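The values are calculated or read from the model by the stated rules, or taken from the named source; none is laboratory data. The model shown is predicted, which means the values in this text are computed figures rather than measured ones. With ideal geometry, Cβ positions are generated from the backbone for all residues, glycine too; neighbour counts draw on all protein chains shown. What goes into the accessible areas is simple: the full protein's heavy atoms, side chains included, and nothing from ligands, DNA or RNA. Shrake-Rupley method; radii C 1.70, N 1.55, O 1.52, S 1.80 Å.
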Amino acid sequence: MGQPQRKKLDKTLKPHWVWAIAFGSAVGWGAFVLPTDWLAGNGPLPVVIGFLLGAILMTVIGVSYGFLIKQFPVSGGEFAYAYIGFGRTHAFVAGWFLTLGYICTVALNSSALALLGKFLFPSIVKVVPLYTIAGWDVYLGEIIISTVTLIVFAFLNIRGASFSGRSQFIFTMVLLSGVILLAIGAIVSDQATASNMQPLVAPSKPAIASILAIVAITPWAYLGFDNIPQAAEEFDFPPNKAFKLIVYALLAAGLAYSVMVLTVSSLAPWQELAGSASAWATGDAIDSIFGRLGIFIIATALIMGIFTGLNGFYLSSSRLMFAMGRARVLPQMFHRLHPKYNTPYVGIIFTSILCLIAPWFGREVLLWIVDMSSIGVTIAYFYCCATAFRMSKSKVQKTFATLGIISAATFFFLLTMWFLDSSLSAPSYIALAVWAGLGLLFYLFKQKEYNAIPRKELNYLITEKEEIPQNK
């Protein structure tokens with residue numbers, strides 16, 4: 001048969017850039033904003049155990065990613081893997097839910113910058129109050145900040161993957177420096193003491209329940225390591241190095257989260273911090289011990305975390321939509337590349353437009369959607385591990401794939417069992433139902449065209465190979 005047009009992305013991403021994309025996207029702003037939220041009702045020890053256990057579980061899942069990236073170094077990540085293992089309908093399901101997860105994370109990062117502005121410069125950001133949604137006061141000032149941020153990073157990502165990768169590495173090094181400086185400051189400070197961490201476990205519920213509550217959010221907390229498979233087509237190095245980069249990124253992220261939780265809980269009695277009504281209790285704790293210098297350090301690290309998240313997830317969402325457009329699941333316009341920079345600019349612009357709507361609904365509504373998107377990410381993890389199990393002939397690889405499947409199923413269980421503390425909220429379930437319904441309608445609309453593509457042609461469009469063992 002004559003091969004259909006299959007546009008490719010430039011191979012420009014260096015190994016340390018790819019590691020920075022994964023680590024910076026995984027840690028992001030959460031390590032600097034949410035420690036007091038995680039401590040509430042849990043205590044420092046279960047939080048640290050939960051994050052480290054989550055990192056181990058994600059590393060087990062990462063084994064399957066490393067195997068599949070080596071075999072199929074193409075854009076699309078879990079969309080491509082679900083197709084390879086289970087066919088076109090499953091590929092659409094994985095791609096649909098993962099797209100939402102990536103786009104929501106871009107939107108949440110832009111709103112985090114507005115949240116920081118509310119804390120540091122309230123007189124500037126809290127201007128022109130508009131309305132209140134779900135208890136969140138929406139100001140024109142924060143909408144402007146989020147809007148400008150989204151547009152700037154969309155432009156930077158259109159400029160090229162090499163530009164984004166180089167910037168990401170710089171942002172990540174500054175972020176890491178902030179974590180290290182804050183930890184050193186807590187160690188040498190007379191006011192930061194281990195006694196503030198007592199009790200290590202919240203007395204209000206069993207320690208195992210607190211640990212599981214943290215483990216349940218790790219698909220979201222470590223979302224970012226799977227930016228590596230999305231960028232696989234653009235590696236300028238052998239794809240068999242990807243697994244090491246995944247492991248290094250996950251371990252570094254687990255340590256960064258743990259260090260920040262321990263640092264913050266040492267600054268003041270953690271139950272007081274967790275009970276604070278402040279918009280940014282973590283910042284208050286840093287300010288009370290280290291003053292304006294501490295605020296400068298954590299604010300700089302937070303801004304870098306926001307930048308790494310925006311950069312990484314703009315890259316991933318656009319590459320995923322590019323792959324889905326190349327496979328004709330999405331409209332062909334997503335398959336277009338910028339005439340000068342050779343980037344999937346339509347996906348970047350589309351992500352930006354959708355995210356520009358988010359600030360108008362307030363951060364609380366956005367958090368409901370992001371919580372729901374954790375389900376989609378877990379589904380993507382499951383498909384990756386299940387495909388690795390089917391494709392591998394190695395008993396060791398199959399064992400890790402099986403453990404990965406169990407890990408993904410555990411995450412899904414923790415998020416969907418309504419009687420657990422880790423379960424999604426009612427609004428998040430509603431958002432999940434709406435997104436799933438929209439996906440069903442879109443698939444029914446595209447089904448005839450999508451299924452009409454010959455198998456060998458679709459194999460080539462998604463994987464650059466006409467024949468795939470065990471593909472259906």
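Annotations for the structure displayed:
- Separation in nanometres of the label points that stand 7 Å from Cα toward Cβ, at Y248 and S425: 3.9 nm
- For region 90-127, no residue has its backbone nitrogen under 14 Å from a point 7 Å from the Cα of F296, taken along Cα to Cβ.
- Efficiency of FRET between H338 and K395 - r from beta-carbon atoms, R0 35 angstrom, step 0.05: 0.20
- In the complete set of protein chains, residue-level accessible area for Y341 is approximately 70 Å², probe 1.4 angstrom.
- Cα gyration tensor shape of region 242-312, rounded if a/c is under 1.5, else prolate or oblate by comparing a/b with b/c: prolate
- Heavy-atom accessible area order for E364, E272, E234, largest first, 1.4 Å probe: E272, E364, E234
- Pairwise FRET efficiency - A277 versus Q191, Cβ, R0 = 25 Å, nearest 0.05: 0.65
- Around the Cα centre of region 315-472, unit charges on the Cβ atoms of Lys, Arg, Asp and Glu (plus for the first two, minus for the last two) sum to a dipole of about 660 debye.
- Folded to 0 to 90 degrees: helix 395-416 orientation relative to the chain principal axis, Cα: 60 degrees
- Region 269-419 shape via C-alpha gyration tensor axes, a/c threshold 1.5: oblate
- Between region 16-54 and region 179-226, the alpha-carbon center distance in angstrom: 8 Å
- Nearest-20 debye value, region 1-114 charge dipole, Cβ charges on Lys, Arg, Asp, Glu: 580 debye
- Of V63, V259, the residue with the largest accessible area leads and the full order is V259, V63 (1.4 Å probe).
- Cα extents for region 78-120 along the principal axes, largest to smallest and rounded to whole angstrom: 50, 12, 7.
- Virtual spin-label span in nm between D37 and I353, 7 Å along Cα→Cβ: 3.0 nm
- Solvent-free Debye scattering, log10 I(q)/I(0), computed from the Cα coordinates of region 354-436 at q = 0.12, 0.15 Å⁻¹: -0.46, -0.64
- Solvent-accessible surface ranking, highest first, for I357, I208, I453, I133 at 1.4 angstrom: I208, I357, I133, I453
- Volume per residue of the C-alpha convex hull in the chain, rounded to whole Å³: 134 Å³
- Label-to-label distance, nm, for residues given as S204 and K126 (7 Å Cα→Cβ offset): 2.5 nm
- Rounded, prolate or oblate (a/c below 1.5 giving rounded, otherwise prolate when a/b exceeds b/c) for region 118-208 by Cα gyration tensor: oblate
- When the chain is described by a simple charge dipole with +1 on each Lys and Arg Cβ and -1 on each Asp and Glu Cβ, the residue from F72, A232, L273 located farthest towards its positive end is F72.
- Heavy-atom surface analysis with a 1.4 Å probe gives the chain a carbon and sulfur content of 69 percent of its accessible area.
- A simple charge model with +1 on the Cβ of Lys and Arg, -1 on the Cβ of Asp and Glu and nothing else charged puts the dipole of the chain at about 1820 debye relative to its Cα centre.
- Note on region 102-147: Cα-Cα pairs beyond 17 Å make up 30% of the total pair count.
- Area accessible to solvent at I124, 1.4 Å probe radius, in Å²: 110 Å²
- Measuring only protein heavy atoms, the 1.4 Å probe finds R390 accessible over about 70 Å².
- Under conditions of 20 °C and 1.002 mPa s, region 370-411 yields 206 µm² s⁻¹ as its translational diffusion coefficient, taking Rh as the Kirkwood radius over Cα pairs in the Stokes-Einstein equation.
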